[in-house]
Amino acid sequence: WHGHFATGYRTIENSWHMLMQNGLFRSRCAAGFSDLAIGIISDPAMLKYLDNDENRRSSPNENLARELLELFMLGEGNGYTERDIKEGARALTGRTFRGNDYYFDRKVHDTGGKQILRRSGDFGGEDFVSIVLEQPGCARFISYKLYRFFVNDSPALDREGVETIERMAKLMRDSRYQ
(Lines give C-alpha, C1' and ligand atoms only; values in the text may rest on other atoms or scores of the structure.)
Protein backbone atom coordinates (compact mmCIF):
# COMPACT_ATOMS: atom_id res chain seq x y z
CA TRP A 1 0.00 0.00 0.00
CA HIS A 2 2.96 2.34 0.35
CA GLY A 3 3.20 2.40 -3.44
CA HIS A 4 -0.45 3.44 -3.60
CA PHE A 5 -0.53 5.96 -0.73
CA ALA A 6 2.85 7.35 -1.67
CA THR A 7 4.85 9.47 0.75
CA GLY A 8 8.56 10.00 1.17
CA TYR A 9 11.06 10.72 3.88
CA ARG A 10 12.66 13.66 2.01
CA THR A 11 9.47 15.67 2.39
CA ILE A 12 8.44 14.43 5.82
CA GLU A 13 11.93 14.29 7.38
CA ASN A 14 10.64 12.19 10.27
CA SER A 15 11.62 8.54 10.27
CA TRP A 16 9.30 7.75 13.19
CA HIS A 17 6.29 9.03 11.23
CA MET A 18 7.33 6.89 8.27
CA LEU A 19 7.61 3.85 10.56
CA MET A 20 4.19 4.63 12.06
CA GLN A 21 2.74 4.82 8.55
CA ASN A 22 4.23 1.42 7.73
CA GLY A 23 2.53 0.12 10.87
CA LEU A 24 -0.76 1.62 9.70
CA PHE A 25 -0.46 -0.23 6.39
CA ARG A 26 0.40 -3.49 8.13
CA SER A 27 -2.36 -3.26 10.73
CA ARG A 28 -5.15 -2.18 8.37
CA CYS A 29 -4.25 -3.84 5.08
CA ALA A 30 -6.32 -6.94 5.79
CA ALA A 31 -9.16 -5.03 7.45
CA GLY A 32 -10.30 -3.53 4.16
CA PHE A 33 -9.65 -0.58 1.93
CA SER A 34 -12.22 1.61 3.69
CA ASP A 35 -10.39 1.24 7.03
CA LEU A 36 -7.11 2.03 5.32
CA ALA A 37 -8.53 5.11 3.59
CA ILE A 38 -10.00 6.43 6.86
CA GLY A 39 -6.70 5.73 8.61
CA ILE A 40 -4.58 7.55 6.04
CA ILE A 41 -6.34 10.88 6.68
CA SER A 42 -5.21 10.68 10.32
CA ASP A 43 -1.66 9.59 9.55
CA PRO A 44 0.98 12.17 10.56
CA ALA A 45 3.26 11.20 7.65
CA MET A 46 0.51 11.70 5.06
CA LEU A 47 -0.76 14.86 6.75
CA LYS A 48 2.74 16.34 6.57
CA TYR A 49 3.52 15.01 3.09
CA LEU A 50 0.43 16.63 1.58
CA ASP A 51 0.49 19.76 3.75
CA ASN A 52 -2.77 19.02 5.55
CA ASP A 53 -1.07 20.11 8.76
CA GLU A 54 -1.50 23.60 7.24
CA ASN A 55 -5.13 23.13 6.14
CA ARG A 56 -7.22 25.72 7.94
CA ARG A 57 -10.70 27.18 7.59
CA SER A 58 -9.16 30.58 6.79
CA SER A 59 -6.84 29.11 4.15
CA PRO A 60 -7.86 25.65 2.88
CA ASN A 61 -5.08 23.52 1.40
CA GLU A 62 -6.31 21.23 -1.40
CA ASN A 63 -3.38 18.81 -1.60
CA LEU A 64 -4.80 15.92 0.46
CA ALA A 65 -8.31 16.25 -0.98
CA ARG A 66 -6.93 16.33 -4.53
CA GLU A 67 -4.70 13.30 -4.01
CA LEU A 68 -7.50 11.33 -2.34
CA LEU A 69 -9.67 11.89 -5.40
CA GLU A 70 -7.06 11.78 -8.19
CA LEU A 71 -4.52 9.21 -7.04
CA PHE A 72 -5.87 7.23 -4.10
CA MET A 73 -9.60 6.64 -4.61
CA LEU A 74 -11.18 7.64 -7.96
CA GLY A 75 -8.46 8.26 -10.51
CA GLU A 76 -7.74 11.46 -12.37
CA GLY A 77 -10.85 13.03 -13.86
CA ASN A 78 -13.20 10.21 -12.85
CA GLY A 79 -16.48 11.68 -11.65
CA TYR A 80 -15.45 14.67 -9.56
CA THR A 81 -15.00 18.38 -10.15
CA GLU A 82 -12.66 21.10 -8.93
CA ARG A 83 -15.46 22.15 -6.60
CA ASP A 84 -15.46 18.65 -5.05
CA ILE A 85 -11.73 19.07 -4.39
CA LYS A 86 -12.24 22.49 -2.80
CA GLU A 87 -15.14 21.26 -0.66
CA GLY A 88 -13.16 18.13 0.29
CA ALA A 89 -10.31 20.37 1.42
CA ARG A 90 -12.75 22.23 3.65
CA ALA A 91 -13.92 18.91 5.12
CA LEU A 92 -10.31 17.98 5.90
CA THR A 93 -9.47 21.24 7.71
CA GLY A 94 -8.14 20.83 11.23
CA ARG A 95 -6.67 17.36 10.62
CA THR A 96 -3.08 17.66 11.81
CA PHE A 97 -0.70 16.14 14.34
CA ARG A 98 1.08 17.10 17.51
CA GLY A 99 4.38 15.38 18.10
CA ASN A 100 3.82 11.85 16.88
CA ASP A 101 0.04 11.72 17.29
CA TYR A 102 -2.89 12.68 15.11
CA TYR A 103 -4.68 15.74 16.43
CA PHE A 104 -7.96 17.30 15.34
CA ASP A 105 -7.81 21.06 15.82
CA ARG A 106 -11.44 22.16 16.12
CA LYS A 107 -10.44 25.84 16.16
CA VAL A 108 -9.34 25.74 12.51
CA HIS A 109 -11.90 23.24 11.16
CA ASP A 110 -14.49 24.58 8.71
CA THR A 111 -17.88 23.74 10.24
CA GLY A 112 -19.89 25.28 7.41
CA GLY A 113 -22.03 23.34 4.97
CA LYS A 114 -20.30 21.64 2.05
CA GLN A 115 -21.34 20.04 -1.24
CA ILE A 116 -19.25 17.00 -2.15
CA LEU A 117 -20.09 14.67 -5.03
CA ARG A 118 -23.75 15.75 -5.11
CA ARG A 119 -24.17 15.43 -1.31
CA SER A 120 -24.69 18.33 1.09
CA GLY A 121 -23.91 18.62 4.77
CA ASP A 122 -21.49 19.75 7.46
CA PHE A 123 -18.91 17.14 6.49
CA GLY A 124 -15.64 16.31 8.20
CA GLY A 125 -12.72 14.28 6.91
CA GLU A 126 -14.17 10.83 7.58
CA ASP A 127 -17.43 11.89 5.95
CA PHE A 128 -15.48 13.00 2.87
CA VAL A 129 -13.76 9.61 2.59
CA SER A 130 -17.08 7.78 3.11
CA ILE A 131 -18.75 9.81 0.36
CA VAL A 132 -15.92 8.98 -2.04
CA LEU A 133 -16.12 5.29 -1.13
CA GLU A 134 -19.81 5.33 -2.11
CA GLN A 135 -18.93 6.29 -5.69
CA PRO A 136 -19.00 3.29 -8.08
CA GLY A 137 -15.81 4.59 -9.67
CA CYS A 138 -13.91 4.13 -6.41
CA ALA A 139 -14.29 0.34 -6.29
CA ARG A 140 -13.50 0.16 -10.01
CA PHE A 141 -10.34 2.27 -9.61
CA ILE A 142 -9.04 0.26 -6.65
CA SER A 143 -9.86 -3.02 -8.42
CA TYR A 144 -8.00 -1.79 -11.50
CA LYS A 145 -4.94 -0.92 -9.41
CA LEU A 146 -5.01 -4.32 -7.65
CA TYR A 147 -5.47 -6.16 -10.95
CA ARG A 148 -2.57 -4.28 -12.55
CA PHE A 149 -0.32 -4.98 -9.55
CA PHE A 150 -1.16 -8.63 -8.93
CA VAL A 151 -2.45 -10.02 -12.25
CA ASN A 152 -1.45 -8.17 -15.39
CA ASP A 153 0.50 -4.95 -15.75
CA SER A 154 0.49 -4.79 -19.56
CA PRO A 155 -0.49 -1.37 -20.94
CA ALA A 156 -3.71 -2.55 -22.60
CA LEU A 157 -6.48 -4.53 -20.94
CA ASP A 158 -8.17 -7.28 -22.88
CA ARG A 159 -11.88 -8.09 -22.54
CA GLU A 160 -11.21 -10.70 -19.85
CA GLY A 161 -9.25 -8.15 -17.80
CA VAL A 162 -12.01 -5.55 -18.05
CA GLU A 163 -14.62 -8.13 -17.01
CA THR A 164 -12.47 -9.32 -14.11
CA ILE A 165 -12.03 -5.77 -12.85
CA GLU A 166 -15.80 -5.19 -13.01
CA ARG A 167 -16.41 -8.40 -11.01
CA MET A 168 -13.77 -7.35 -8.48
CA ALA A 169 -15.36 -3.89 -8.18
CA LYS A 170 -18.82 -5.39 -7.59
CA LEU A 171 -17.42 -7.71 -4.93
CA MET A 172 -15.61 -4.79 -3.31
CA ARG A 173 -18.78 -2.65 -3.22
CA ASP A 174 -20.93 -5.55 -2.00
CA SER A 175 -18.48 -6.32 0.82
CA ARG A 176 -18.08 -2.64 1.75
CA TYR A 177 -14.43 -2.77 0.74
CA GLN A 178 -13.59 -5.71 2.98
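The values are calculated or read from the model by the stated rules, or taken from the named source; none is laboratory data. In this text, all values refer to a predicted model and were calculated from it rather than measured experimentally. In this analysis, Cβ positions are derived from the backbone assuming ideal geometry, glycine residues included, and neighbour counts consider all displayed protein chains. The protein model used for the area step is the full one, side chains on, heavy atoms only, and it has no ligands, DNA or RNA in it. Shrake-Rupley method; radii C 1.70, N 1.55, O 1.52, S 1.80 Å.
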Going through (1) under 16 Å from the mean Cα position of the chain (by Cα); (2) under 21 Å from ASP35 (Cα atoms); (3) crowded, with 20+ Cβ neighbours inside 10 Å one by one, GLY75 fails only at (3)
Taking region 16-50 on its own, how many of its residues are more than 16 Å from TYR103 (Cβ to Cβ) and in contact with a Lys or Arg (Cβ under 6 Å, 6 or more places away or on another chain)?
-> 2
Subset tally (residues that are touching a residue at least 40 places away in the same chain (Cβ under 8 Å) and assigned to a helix (DSSP H, G or I)) for region 1-34 | 5
If you take the residues of region 153-166 that are at pLDDT 95 or above and surrounded by 11 or more Cβ atoms within 10 Å (Cβ to Cβ), which of them is farthest from LEU133 (Cα to Cα)?
-> GLY161
Selected residue [open to solvent by 30 Å² or more (accessible area, probe 1.4 Å) and of a type outside the set (Phe, Trp, Tyr)] from LYS114, LYS145 | LYS145
Checked GLU82, GLU134, GLU67 against criteria (open to solvent by 20 Å² or more (accessible area, probe 1.4 Å), within 26 Å of ARG167 (Cβ to Cβ) and of a type in the set (Asp, Glu)); the one match is GLU134
The listed residue being among the hydrophobic types (A, V, I, L, M, F, W, C) and touching a Cys at 6+ places or on another chain (Cβ under 8 Å), out of VAL162, VAL151, VAL132, VAL108 | VAL132
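In region 131-171, which residues are under 30 Å from GLY113 (Cα atoms) and either free of Cβ contacts under 8 Å to residues at least 60 places away in the same chain or among the aliphatic types (A, V, I, L, M) (or both)?
Passing the criteria: ILE131, VAL132, LEU133, GLU134, PRO136, ALA139, ARG140, ILE142.
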Got a sec? Which of ASP101, ASP122 is open to solvent by 50 Å² or more (accessible area, probe 1.4 Å) and either free of Cβ contacts under 8 Å to residues at least 24 places away in the same chain or touching a Ser or Thr at 6+ places or on another chain (Cβ under 8 Å) (or both)?
-> ASP122
Can you give me the number of residues within region 1-23 that are closer than 20 Å to TYR177 by Cβ and at pLDDT 95 or above?
-> 1
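Looking only at region 125-156, which residues are among the basic types (Lys, Arg) and within 16 Å of GLU67 (Cβ to Cβ)?
If the condition is that a residue be among the basic types (Lys, Arg) and within 16 Å of GLU67 (Cβ to Cβ), then LYS145 is the only one that fits.
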